[in-house]
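Data first, discussion second: the structure below is written as structure tokens.
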Amino acid sequence: MATYAIGDVQGCYASLQQLTYTFSFNPGYDRLWFVGDLVNRGPGSLQVLRYVKNLGPAAVTVLGNHDLFLLAVAAGVTALRRSDTLDQVLKAPDRDELINWLRQQPLLHREEHWLMVHAGLLPQWTVEEAQQLAQEAETALRGEHFTDTLRGLHPNGHLQWTSELAGPIRVAGIMNVLTRLRTCSVSGVMESSFSGPPALAPDGFYPWFDIPLRRNATTTIVIGHWAAMGLHMTPNLLALDSGCVYGRQLTAVRLEDRKVFQVACEDSRARQ
């Protein structure tokens, strides 16, 4: 039995199938952890959603910003953009079943000494605080007023987290951190527009995991979201977005021994 953490799939279904083949994935014995962004930009979002959903307890996924975007579009909160590839999901006969399943997925998953989240944690958050905040947002997203929650994210502009936030904006602030954070200041102010490599971070902003004395540094955190950084592994961090949707690689890391598995992008539309 093994657990494989997989980077951002973003609709690259052929690549996902090839990757699981390389490590002989057996859903009867093994587990797959997905760091979020199952959908969008690649050509096979519908197939990816169906595949992960049908794995049942053999798969764990956390929500990423593209997953939340799909939920918002499906709820009529925002509209598709030219670069989005979500039409097949939105027109599928099992659309409602898939959307409802996606809405039940967590924003944060913690198991033993591992914590998985799509983007990151603010340096001032403890792991326990992050769990509580994630559960607060998950409850709102799964509730009957979930459209208000999604509306708070679109547009989110330069929304910053403070504990004084309330209502849907508070929930949006939590989700903004968990699904969009890359760089921040030492005090935890997020830089909301930067997506380049860490070495080019704006003055005064640093990769969140490099902030000195961050309060969640003793837990090993598994993330995606930062394609420009690529695969990045340290004793307490596995950053797994290696840019498959941009024609690079899809990455998995076996958690038990940190062995890396990679395949080149198999999805032709992802290179466009």
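The values are calculated or read from the model by the stated rules, or taken from the named source; none is laboratory data. Treat the numbers as computed from the prediction; the structure is a model and nothing was measured. All Cβ positions, even for glycine, are placed from backbone atoms using ideal geometry, and neighbour counts span all protein chains on display.
Observations, loosely collected:
- Residue count for region 98-107 under the criterion of being in contact with a helix residue (DSSP H, G or I) (Cβ under 8 Å, 6 or more places away or on another chain) and not in a loop (DSSP other than H, G, I, E, B): the result is 5.
- Among the residues here, residue 95 does not qualify as charged (D, E, K, R), within 16 Å of the chain's Cα centre (by Cα) and within 25 Å of residue 59 (Cβ to Cβ).
- Some residue of region 156-166 being assigned to a helix (DSSP H, G or I) and surrounded by 15 or more Cβ atoms within 10 Å (Cβ to Cβ): no
- Of 55, 90, 63, all but one fail to be under 24 Å from residue 242 (Cβ atoms), more than 17 Å from the chain's Cα centre (by Cα) and not small (Gly, Ala, Ser); the exception is 55.
- Residue in region 131-145 that is in contact (Cβ under 8 Å) with a residue 40 or more places away in the chain and either of a type in the set (Phe, Trp, Tyr) or part of a loop (DSSP other than H, G, I, E, B) (or both) present: no
- Test result for residue 164, without any contact (Cβ under 8 Å) to a residue 12 or more places away in the chain, farther than 27 Å from residue 44 by Cα and not small (Gly, Ala, Ser): yes
- Some residue of region 144-152 being buried (at least 19 other Cβ atoms within 10 Å of the Cβ), at pLDDT 95 or above, aliphatic (A, V, I, L, M) and in contact with a helix residue (DSSP H, G or I) (Cβ under 7 Å, 6 or more places away or on another chain): no
- Here residue 171 does not fit the description of being in a loop (DSSP other than H, G, I, E, B) and in contact (Cβ under 8 Å) with a residue 24 or more places away in the chain.
- Selection count, region 98-112, where residues are under 19 Å from the mean Cα position of the chain (by Cα) and surrounded by fewer than 17 Cβ atoms within 10 Å (Cβ to Cβ): 4
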